[in-house]
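In what follows, a single structure is set out as structure tokens and then discussed.
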Amino acid sequence: WEPGRKYFNAYGPTETTIISSYARLNPGRHITIGRPVHGMTALVLDARMNPVPPGVAGELYLAGGALARGYHNRPDLTADRFVANPWSTEGARMYRTGDVV
């Protein structure tokens, strides 16, 4: 750790235009993916797509304006990973990351 420097951990899959969240790193503290960047929403959901309480593991879903349209020539994979967002406006989608947090 260099004195006077700030270090950050950035998280984000390509499907959300690389950076979706970030957290400042501090010596001796756990490393997290932090909070969503402006314009992004992060949801931790169970297998039935219900929100889990804080501290309970679930799958990370990301939503927001930086979401990709889907996978080129892969409608099956697009349908599996880009799903309707029931907590937003009609037609809004979210990306199912596959990451357990």
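Readers should treat all values here as calculations from the given coordinates under stated rules, not as data from a laboratory. Predicted, not measured: the structure shown is a model, and the values here were computed from it. Neighbour counts are summed over all protein chains in view; Cβ atoms, including those assigned to glycine, are modelled from backbone coordinates with ideal geometry.
Among the GluC sites (Glu not before Pro) in region 1-93, those located in a DSSP loop and surrounded by at most 14 other Cβ atoms within 10 Å of their own Cβ are Glu90. Expressed as a fraction of 2.2 N^0.38 Å, the C-alpha radius of gyration for region 42-101 is 1.13.
In the chain, the calculated helix contribution to ellipticity at 222 nm averages -1500 deg cm²/dmol per residue, counting -39,500 (n - 2.57) for every DSSP H run with n ≥ 4.
Taken over region 1-57, the percentage of Cα pairs per 5 Å bin, counting from 0 up to the bin with the maximum distance, is 4, 16, 20, 20, 21, 11, 6, 2, 1, 0. Converting phi to 3J(HN,Hα) with the Karplus coefficients 6.51, -1.76 and 1.60 and the offset θ = phi - 60°, region 45-60 yields 10, 7, 5, 9, 6, 9, x, 9, x, x, x, 9, 5, x, 8, 7 Hz in sequence order, with x at every glycine or proline.
Note on the chain: Cα-only Rg and Dmax are 15.2, 49 Å.
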